[in-house]
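The values are calculated or read from the model by the stated rules, or taken from the named source; none is laboratory data. Since the structure is predicted, the reported quantities are computational estimates derived from the model, not experimental observations. Positions of Cβ are backbone-derived with ideal geometry, glycine not excepted, and every protein chain shown enters the neighbour counts.
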Amino acid sequence: MRRFVALILIVLLLTPLAGEVGAAGNAQPLFKIDMTIKVAPVVIENTSTWLGTFKMYVVLTDPHYRAYFDYLASNNTTAANEEFKSFVKELVYDNMKDNLEKRYEAANVSSTIYLPSGGPVKVLDNWSAVVTFAVTNFLVSDGKTLRCPATGNLDFVYKGHVFDYTWNRLTLILPQDYEIANLAPVPDDLSDNVAVWNNGDFIPLIELYTRVYSYVRFLNATRKEISLQYDPHEGYVQFNATFTGANATPVIISQLLASFKATMNIMSIDTRQENGSLVVIGIARPEVAYKETSSEKIWKAMVKLPGAFDSISVVGGSYVVAPDHTIIITVTEKKSTYRFYAYGIAAVLVVVAVLIVVKRRGTKEETETEPEEPGEEEPSPESEEQESPEEDEGGGE
C-alpha cells in the first residue's frame, strides 16, 4: 500500500512538468547553471593541443523534481544521490557532449573529451553537483588566429523536446599571455583575459592571435629606434631600443626579449615603459676586429640586430649597415704624441747623464796621474851654520 501511495505521489509531482516540456525552444526548466571554461595550451601524448576545461556548477531548481529526490532520500540517501548523479549526467553532461560533438563534426575538426577518474558528475549538498570534463582542440590555428570550433547556440533535449541550453553565468578564462582578437557577443565584463557573460545559451565566438602574429602586428605598428655605444676597453656594446605606437602585451614583450637573445650575445637585458613606449635596455658582447697603425688604434665591433629599425644611431663612433640587419661599429683612438716626446726627452736626459758621468770619471783619472814639476832646493840648516864663522871672522878684521 505504501509503495502504491508513493507511486501516485511521484506521478502527481511530475505531471505538472508535462505542460512545460511541450513548449519547445524555451529555456531549460530544470537547473541553475554557472559554467566556467578555462582555456590553455597543453601537451598530451607528445602532441600540442589547446584544452578547454569545463566546470559546471548546477543546482536543481524544479520544485517537482526536488520533491521527488527528497522523497527518495528519505528512504535511502545513497540511492537518491546515485539517481541524482545519473539524472545530472544525462541532462547536463550528455547534452553538452552532444552539442560539442556536433560542432566539431560540422567544423571537420577532431576532438577528444577527457573525464575525471570518478566520472563527469560529483554530487554536492542540496541537490547540486559539479560537472567536469575537458575537450582537446578547443582552439585551432590558421596561422594568424586561434579559433574555437565549438562556437554556437546550445540545445538541451529533455523527454524528446528541445530547449535552449541556458546558463545563468559563463566565465571564460583565457591565457593572459595571448592577445584577444575577438569575443562575440561582447562580454558583460572583460579584465585580464577573463570574460563574463550573464544569462545566455551559447558558447561564444573565441579568437586569439597566435604569438607569432601578435609579435608581427606589434612590429608593423611601431616606430623602432635603437642607439648603440661600443666601449673598446670594456669590450661590450650598450644599446637602447625604443618601440613607439602600439601596446606591448606580456606575450609581445616575451617575444621581443627572445628575439634579442636569439640574435645578440646578450650579457644583460631589461624593459621599461616610458612615455607610452616600450624601451629595451641591454648590454651585448660583439665580435671585434682590431688593428693598429703608427698613429691610431682601430676597433670594428659587429652586432646583429633582431630586425630592421627605422632609426639607428651610434655614440662615440661611426657605423655601416651590413646584410642581415648587422651593424659594424668603428671606434678610432689616436695614439698620444706626448708619450713620444716624453720618451725622447727621457732618452736625451739619459744620454746627457751618461756623458757627464763619463767626462767626470775621465777628468778625475787625469788629475790623479799628472807628475809634479821640479823646484829650488831649500838650504839645509847645516850649510847655514858653517857659513856663520866666516862671517864672524870678517867682522873681526
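Summary table below
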item: Tally of residues being in contact with a Gly (Cβ under 9 Å, 6 or more places away or on another chain) and surrounded by fewer than 17 Cβ atoms within 10 Å (Cβ to Cβ) across the range 29-50; result: 1
item: Failed condition for Asp125, given (1) charged (D, E, K, R); (2) loosely packed, with under 15 Cβ neighbours inside 10 Å; (3) under 35 Å from the mean Cα position of the chain (by Cα); (4) at pLDDT 95 or above; result: (3)
item: In the range 224-247, the residues that are in a loop (DSSP other than H, G, I, E, B) and either among the aliphatic types (A, V, I, L, M) or crowded, with 20+ Cβ neighbours inside 10 Å (or both); result: Ala246
item: Contacts under 8 angstrom Cβ, first residue in the range 232-244 being within 11 Å of Ile283 (Cβ to Cβ) and touching a residue at least 12 places away in the same chain (Cβ under 8 Å), partner among the small types (Gly, Ala, Ser) and in a strand (DSSP E or B), 6 or more apart; result: Tyr236/Ala284; Val237/Ala284; Val237/Ala301; Gln238/Gly282; Phe239/Ser227; Phe239/Gly282; Phe239/Ala284; Asn240/Ser227
item: Options Asn275, Asn220, Asn199: the member that is without any contact (Cβ under 8 Å) to a residue 12 or more places away in the chain and at positive phi; result: Asn275
item: Strands (runs of 3 or more DSSP E) contained entirely in the range 248-309, each with at least 1 residues that are within 22 Å of Pro232 (Cβ to Cβ) and under 21 Å from the mean Cα position of the chain (by Cα); result: 266-274, 277-284, 296-304
